[in-house]
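See structure below.
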Amino acid sequence: MDTTPHPFAQLSPARVVAAVESLGFWLPGEPFALNSYENRVFLVHDEDRRRWVVKFYRPERWTNAQIREEHDFLVELVAAGVAVAAPWRDEAGESLHLAEGFRFTLFPHLPGQAPELENPAHLFALGELIGAVHEVGEQGHFARRRSLDLDGMVLEARDKVLESQWLDRRQRQAYERITTTLHRQLVPRTWSTKQAIRVQGDCHIGNILGRDEQFALVDFDDCLMAPAIQDLWMLFTAQEEGERQMQLSEVAEGYEQHREFDRSELALVEPLRTLRLLRHSAWLVNRWTDPAFPPAFPWLADAGYWDGHLRMLEQQRQALEARPRWLA
């Protein structure tokens, strides 16, 4: 058993303060840890009462060039008037900083609450926001960040789970069988490379903050090249036909304030939902040695979780066989 302390275990409040103050700030108070697991994120305020979000990047996940490409995209979006937070840069123009081996970045704090996906006005505003992001996103290309790849990402997630010790023999056999079927179903659901644009990549409501129908998009850590629907499908949560049509209509109308909403991409909603389910379990398995994960996700060690996961994957198999409901 590996007993080497995880790098984030060394990230004490004093080190967070020292890192930020090394950039010329003075922090009169303690950092407040925000809800983040992939990286470590803190809220601080400086002597001028400005509030900052300090993000410490997970070691070895992204290269410096990939992180800077994310930052450059954010600067491009802010210059176009899109509601996102661009990273603070020092006098040399650098946004990625180093302190005691940790790479970190400062972002201005954007306050607000998550949107309500049952509220038509919120849905319109979210469509408009994401359309604005994509209007800029389609004007360039990521050279260093990854592209969304159903084939490769499904196999990558599958292998991580099967290499782990979490599944018993019955579950392992069932997982192998259902993921083999899902992979076979998903591979043909690909898209033209011409459809891929720069997107935020992880556009769930926890990454959208605002109030009074004015929202901002945060956390571009997973930005990549993908079809536009990657940033939209998680807004489509309705189960009943009337509510589905309302959600789709409001999001599309807001989106088309900036660019055309390609309805053919709605056929990718269930494939992308399937991919997210597979990747989420693989992410938990892969991050289990991070000390923040066992107390936050204790149910991962419960056989009941994996039985539930298998049931959800079976439901996705059936959904992939049916006519795409968002195209109805």
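Bear in mind that the values in this text are calculations on the coordinates, not laboratory data. Please read these numbers as outputs of a predicted model, since none were measured by experiment. Methodologically, a virtual Cβ is constructed for each residue, glycine included, from the backbone with ideal geometry; neighbour enumeration extends over all protein chains shown.
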- Message: Starting from the 7 Å offset along Cα-to-Cβ, what nm value, one decimal, do you get for the label separation of Ala9 and Asp262?
- Response: 4.6
- Would you work out the charge dipole size for segment 94-222 about its Cα centre, treating the Cβ of every Lys and Arg as +1 and the Cβ of every Asp and Glu as -1, and quote it to the nearest 20 debye? 760
- Task: Post the alpha-carbon centroid distance, segment 83-103 to segment 236-279, in whole angstrom.
- Result: 34
- Task: With springs connecting C-alpha atoms under 10 Å apart, model the chain as a Gaussian network and identify which of Arg273, Arg146, Arg170 has the largest mean-square fluctuation.
- Result: Arg170
- Given [x] 55, 44, 43; [y] 107, 34, 32; [z] 58, 54, 34 as possible values of Cα extents along the principal axes in Å, the one from the coordinates is [z]
- Would you mind telling me which residue in Ser147, Ser249, Ser164 has the biggest mean-square fluctuation in a Gaussian network model of the chain, where springs connect alpha carbons within a distance under 10 angstrom? Ser164
- With the dipole of segment 120-327 defined by +1 on each Lys or Arg Cβ and -1 on each Asp or Glu Cβ, the option from Cys203, Leu248, Pro298 whose Cα lies farthest towards the positive pole is Pro298
- Note on the structure: Cβ density ranking, 10 Å radius, fewest first, applied to Glu118, Glu265, Glu253 yields Glu118, Glu253, Glu265
- Message: Among Thr105, Pro31, Gln173, whose Cα projects farthest towards the positive end of the dipole of the chain, with charges put on the beta-carbon of Lys, Arg (+1) and Asp, Glu (-1)?
- Response: Gln173
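Take the eigenvalues of the Cα gyration tensor for segment 157-245, scale each by 5, and report the square roots as semi-axes in whole Å, largest first. Please report the intermediate quantities before stating the final value.
Details: eigenvalues 193, 63, 57 Å².
Its equivalent ellipsoid spans semi-axes of 31, 18, 17 Å.
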- Separation between the Thr63 and Arg172 pseudo-spin-labels, each 7 Å from Cα along Cα→Cβ, expressed in nm? 3.6
- So for the pair Leu23, Trp283, with labels modelled 7 Å out along Cα→Cβ, what separation do we get in nm? 2.4
- Take the chain, connect every pair of alpha-carbon atoms lying under 10 Å apart with a spring to form a Gaussian network, then pick out the residue of Ser22, Ser281, Ser95 with the largest mean-square fluctuation. Ser22
- Query: Along segment 143-152, what does the Karplus equation 6.51 cos²θ - 1.76 cosθ + 1.60 (θ = phi - 60°) give for ³J(HN,Hα), rounded to whole Hz, x for Gly and Pro?
  - Reply: 9, 10, 7, 7, 10, 5, 9, 4, 4, x
- Message: Normalised by the empirical 2.2 N^0.38 Å for globular proteins, what value does the Cα Rg of segment 1-46 take?
- Response: 1.32
- Item | At q = 0.14, 0.15 Å⁻¹, base-10 log of I(q)/I(0) for segment 1-127 (Debye sum, equal scatterers on each alpha carbon) | -0.71, -0.80
- Calc'd 3J(HN,Hα), segment 301-315, phi into Karplus 6.51 cos²θ - 1.76 cosθ + 1.60 (θ = phi - 60°), Hz, glycine/Pro = x, comes to 7, 8, 4, x, 4, 5, 5, x, 4, 5, 5, 5, 5, 5, 4
- FRET efficiency for Ser192 and Ser164, using Cβ-Cβ distance with R0 set to 41 Å, rounded to 0.05: 0.75
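Starting from 0.36 nm per residue, how many nanometres of slack lie between Arg317 and Val78 once their C-alpha separation is accounted for? List each step's numbers first, then the result.
Numbers: separation 239, 0.36 × 239 = 86.04 nm, distance 4.03 nm.
Going from the current span to full extension adds 82.0 nm.
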